[in-house]
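The values are calculated or read from the model by the stated rules, or taken from the named source; none is laboratory data. Not measured: the values here are computed from a predicted model. All Cβ positions, glycine included, derive from the backbone under ideal geometry; neighbour counts span all protein chains shown. With ligands, DNA and RNA removed, areas are computed over all heavy atoms of the protein, side chains included. Shrake-Rupley method; radii C 1.70, N 1.55, O 1.52, S 1.80 Å.
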Amino acid sequence: MEYFLSLNPMALLRAWPGSIAQGMIWGIMALGVYITFRLLDFADLTVDGSITTGAAVSVMLIRGGVSPILTLPIAFAAGMLAGLVTGLLNTSLGIPGILASILTQLSLYSVNLVIMGKANQPVSVDKYPLVVSLRYVTGGSTGSRILFFAGLALFLVVLVGILYWYFGTESGQAIRATGCNSSMARAQGINTDLVKVLALMISNGMVGMCGALYVQFQGSADVNMGRGAIVIGLAAVIIGEVLFGKFAAKQKLAFAFTQMAVIIGAVIYYMVYQFVLWLKMPSDYMKLFSAVVVALFLAVPYLKEKHLRKKGVVKA
Amino acid sequence: MSKTGYALEISNVHKVFNRGTINEKAALNGVDLNLNPGDFVTIIGGNGAGKSTTLNAIAGVWPTDEGRIIIDGTDITRLAEHKRAPYLGRVFQDPMTGTAATMDIEENLAIAYRRGQRRTLKWGISKPERELFREKLCVLGLGLEDRMTSKVGLLSGGQRQAITLLMASLKQPKLLLLDEHTAALDPKTAAKVLEISDQIISENHLTAMMVTHNMKDAIAHGNRLIMMHEGRVIYDVSGEEKKNLHVKDLLARFEEVSGGEFANDRMILA
Ligand SMILES: Nc1ncnc2c1ncn2[C@@H]1O[C@H](COP(=O)(O)OP(=O)(O)O)[C@@H](O)[C@H]1O
Ligand SMILES: [Mg+2]
């Protein structure tokens, strides 16, 4: 009883807008994970490193006087380089995909330290005209807050639109075909190695750009900030699919809806995350919490099908 | 046209799998075969005779150890699989292999229609292409022309094979490779897919190789028949001689080379 009385609902309501903004930003990263995990069928752990690379590049450039918004495409390019390395390790050197991505991730830890010069670099919203900041959510007038969310949402819609277009082009189709059935893709003259590298670059570009936004949002970059990022990205993808996958697939612009579902998945993840913190779960346990969420959501569709199969509803 | 005029020249092709391991297997032991333009060859032989391996060697699934493969005068022996694709149409035994299940029927066709072209940032399918695909699907007579935006994964094995056949021939290939492409289908569907194959081959005047374990089909289709055994071509008939073949002749051949053992279980005798 005492425990429940100590919980303040207003505190949760005050914290949630920040979680929503954070979820929207991580939604970009989740889209990147969606591209590799779902479209390419490649478990890419590079992202734990490339999100920090994007953040590190952005922070150091902003501190060096570059316009914060300009750092977004540069962080995108930095992420693409990380994806390129994983892609080449896998396709040109024959290293299995997961291992290739772990090697890149590990080496990026050093690279990120070199970029930042030390483990932690602040970038204050008081000093620089940051694109996003927690301050824009917690401070300022209601109007400015609404404007901020509208701007962020618009940015996401444009991003989804660009991805929708790209994956409908010949080049994007080649990526989807390769991920779905690489034998078919090669039989149709698609250079599946090249396509894999390309998809990894696009994905990690998104992740790097997410890092650039996230570092501005929270006001500092830390060399460890990407640890477990892949799990959060997967959580967003899977939550989005489990909750909205069927609905999205029925729509005319199914792929655009699926991407929206993934972004909403990221938002839900951070709202639940905040909720669990609010329940006074020690923050040390939060990585465990994230892993359990992903394991649960990955297991549910599998167990459901197994159950149905046992009952003879679905054929093997 | 090449100097020799052959559509396909395979000379002395060897392939050993897992060389130097306990699983070492010499799958091809000097395959020699020349096809004239317009040849439709059926290929028979026991399990493990090297039929699929021969087709895969032509398609470039992995590099061969020795020998040369020339298509219409172009030496493709060292080309990567995707670089040979413009020359080849392929249909596989497993209906899953030839199509992308999570993509629409029309997307699969559009991808095949661009075989051998650079994949650009142009939209993946155009309006006139949709019309063309609709016409071609109509000809199949399976009602697929009304389901062009359905995911291929929702289709039956026979429907998928029919689509794969269409994909193989949308862009005229120099050679069509069919590897037991009706083996996974029920007899009625298999007959329909075979009929479609015949139709596509004759309409487009294709040079084709069709592996089958059904000796009757092997005799009834095509203008030429070869039998493989232990990684070699051991029997090659065409023209009138092939037309007058009977299953029992093939069985006799088969028993001869396999040292008296009776035809293997997967060979359909009836
Ligand atoms: N990718 C592979 N790796 C190892 N062994 C293979 C491979 N492909 C075929 N083989 C072996 O090569 C031999 C010929 O196989 P195949 O050409 O598939 O026979 P079939 O005439 O029945 O199509 C068989 O012994 C088979 O096990
Ligand atoms: Mg075979």
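Points worth noting:
- Residue within region A:160-167 that is hydrophobic (A, V, I, L, M, F, W, C), within 30 Å of B:LYS127 (Cα to Cα), within 12 Å of another protein chain (Cβ to nearest Cβ) and without any contact (Cβ under 8 Å) to a residue 24 or more places away in the chain present: yes
- Check on B:ILE76, more than 21 Å from B:GLN117 (Cα to Cα), open to solvent by less than 20 Å² (accessible area, probe 1.4 Å) and away from ligand 2 (no atom under 16 Å from the Cβ): no
- Among the numbered conditions (1) away from every other protein chain (no Cβ under 14 Å); (2) without any contact (Cβ under 8 Å) to a residue 40 or more places away in the chain; (3) open to solvent by 10 Å² or more (accessible area, probe 1.4 Å), the only one that A:LEU113 does not meet is (2).
- There is at least one residue in region B:86-93 that is within 12 Å of ligand 2 (Cβ to nearest atom) and not in a helix (DSSP H, G or I).
- Qualifying position, being open to solvent by 30 Å² or more (accessible area, probe 1.4 Å), under 21 Å from the mean Cα position of the chain (by Cα) and free of Cβ contacts under 8 Å to residues at least 24 places away in the same chain, among A:PHE275, A:PHE257: A:PHE257
- Qualifying residues in region B:30-62 (those that are within 14 Å of chain A (Cβ to nearest Cβ) and either in a strand (DSSP E or B) or not aliphatic (A, V, I, L, M) (or both)) - the one farthest from ligand 1 (Cβ to nearest atom): B:GLY60
- Listed by position, the helices (runs of 4 or more DSSP H) enclosed by region A:126-245 that each have at least 3 residues that are open to solvent by less than 30 Å² (accessible area, probe 1.4 Å) are A:142-166, A:170-180, A:182-187, A:192-218.
- Neighbours by Cβ (under 6 Å, 6+ apart or cross-chain): first from region A:93-105, assigned to a helix (DSSP H, G or I); second among the acidic types (Asp, Glu): A:SER101/A:ASP44; A:GLN105/A:ASP48
- Out of B:GLU180, B:GLU131, sole residue that is within 16 Å of ligand 2 (Cβ to nearest atom), surrounded by fewer than 21 Cβ atoms within 10 Å (Cβ to Cβ) and either within 23 Å of B:THR207 (Cα to Cα) or not small (Gly, Ala, Ser) (or both): B:GLU180
- Beta carbons closer than 7 Å, at least 6 apart along the sequence or on distinct chains, pair a first residue in region B:28-51 that is in contact (Cβ under 8 Å) with a residue 60 or more places away in the chain and open to solvent by 40 Å² or more (accessible area, probe 1.4 Å) with a second that is within 16 Å of ligand 2 (Cβ to nearest atom) and among the basic types (Lys, Arg) for B:ASN29/B:ARG232; B:ASN47/B:ARG266.
- Condition check for B:GLY222: on the phi > 0 side of the Ramachandran plot, more than 14 Å from chain A (Cβ to nearest Cβ) and more than 15 Å from ligand 1 (Cβ to nearest atom): yes
- Tally of residues being open to solvent by 40 Å² or more (accessible area, probe 1.4 Å) and within 16 Å of ligand 2 (Cβ to nearest atom) across region B:184-194: 1
- Just one of the listed residues (B:ARG19, B:ARG68, B:ARG78) is more than 16 Å from ligand 1 (Cβ to nearest atom), assigned to a loop (DSSP other than H, G, I, E, B), free of Cβ contacts under 8 Å to residues at least 60 places away in the same chain and more than 14 Å from B:LEU177 (Cβ to Cβ), and it is B:ARG78.
- Within region B:91-120, the residues that satisfy the criterion of being open to solvent by 30 Å² or more (accessible area, probe 1.4 Å) and within 7 Å of another protein chain (Cβ to nearest Cβ) are B:THR97, B:ALA101, B:THR102, B:GLY116, B:ARG119, B:THR120.
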